[in-house]
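Chemist: One structure, as structure tokens, below. Some questions next.
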Amino acid sequence: MHEGSGEQERPLPAAFGGAAMATTHVRNDLVEAAEALFTAGVMSHSGHANLSARIDEESFLLTPGFVRGIRPEDLAVVSLDGQVLEGELRSVSAEIITMHSIVYRARPHVGAVIHTHSPSATAFAVANRPLPCRTEPMLRFGQAETVPVVPWGPRGSDVAVRGIADVLERYPTTSAALLANHGILVFGPDPAATAHLLVAVEESAEAEIAAAALGGAVDFPEGALEAVRASIARVAS
Ligand SMILES: [Zn+2]
């Protein structure tokens, strides 16, 4: 260990050692994003979630089957074609690899993907109801459009994966998708921004449900979403 590096080192296969060290900051960012979700109170009772962050064009870090109390060294390195390159996944996590890799394949600029069963977003998923963009935080964190619903398919199955791929293609600017009868999938440039978006989506779902008792949520004034989309496009270009 180099003096003052402050980093925990552990034995790694030679082929992946360099890459693993290069991912140290991504590992830390992903763990911080996981903690932020618990702090924000957007997790379901089970605490179920899986988070990933892109390393490069061919691989990403993935939580191994739990997120509560996760440490940077617990994250596995997985290739986009589903091979575990480093670390270990619980069997349930192996099933969800494709749910993450399909997003990285379809969206080259996506740097992080988060899946949870956040209660209010999941209520929309269970109702198979798209979640409209009607709150300021959703606008601010880049989801200036309705969150579409991916039809149900067994987790990790070809049907579920094709469903996600179809929605990504049909809604090329969405950063979130509800998984019917299951939960929510959000994606963004990095773990922190993606966690912020998830919190905004969950808050919006909660507000929609609360507003139903008051006669129902209403849309932004005409043209508001288009204006935000235009400014997002300007920043991105
Ligand atoms: Zn799930």
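Chemist: Relative contact order of region 58-173: what whole-number percent is it, with Cα pairs under 8 angstrom and at least 6 residues apart?
Modeler: About 19 percent, as a whole number.
Chemist: I would also like to ask the following. What is the chain's relative contact order, in percent, from Cα pairs under 8 angstrom and six or more apart in sequence?
Modeler: Answer for the chain is 19 percent.
Chemist: Follow-up question, since we're still on this one. Say R0 is 22 Å: what FRET efficiency, to the nearest 0.05, do ALA213 and PHE38 get from their beta-carbon distance?
Modeler: E between ALA213 and PHE38, to the nearest 0.05, is 0.20.
Chemist: On to the next question. What residues of region 161-182 lie in the reach of a label at ALA233, counting those whose backbone N is under 20 Å from a point 7 Å from the Cα along Cα→Cβ?
Modeler: 168-176
Chemist: Report, to the nearest 10°, how far helix 158-170 tilts away from the longest principal axis of the Cα atoms in the chain, using its own Cα long axis and a range of 0 to 90°.
Modeler: Helix 158-170 sits roughly 60 degrees off the main axis of the chain.
Chemist: With N set to the number of residues, divide the alpha-carbon radius of gyration of region 14-236 by 2.2 N^0.38 Å and report two decimals.
Modeler: 0.99
Chemist: How tilted is helix 224-236 with respect to the longest principal axis of the chain? Cα atoms for both, answer in degrees (0 to 90, nearest 10).
Modeler: Here the helix axis deviates by roughly 30 degrees.
Chemist: How tilted is helix 91-106 with respect to the longest principal axis of the chain? Cα atoms for both, answer in degrees (0 to 90, nearest 10).
Modeler: Relative to the chain, helix 91-106 is tipped by roughly 70 degrees.
Chemist: Pulled fully out, how much extra length does the chain show between SER46 and VAL84, if you take 0.36 nm times their separation in residues and subtract their Cα-Cα distance?
Modeler: Gain on stretching SER46 to VAL84: 11.1 nm.
Chemist: Summing Lys, Arg as +1 and Asp, Glu as -1, what charge do residues with Cβ under 13 Å from the Cβ of MET43 carry, MET43 excluded?
Modeler: Here the charged neighbours net out to -1.
Chemist: Kindly provide the helix-only [θ] at 222 nm of the chain, computed as the sum of -39,500 (n - 2.57) over DSSP H runs of four or more divided by all residues, to the nearest 500 deg cm²/dmol? Intermediate results must be reported in sequence, preceding the final value.
Modeler: Details: 8 runs with 103 residues, N = 237.
Per the formula, -13500 deg cm²/dmol.
FYI, it's all coordinate maths here, none of it is from the lab. Keep in mind the model is a prediction, meaning the values are calculated, not measured. Heads up, the Cβs are rebuilt from the backbone with ideal geometry, glycines too, and the neighbour counts pull from every protein chain shown.
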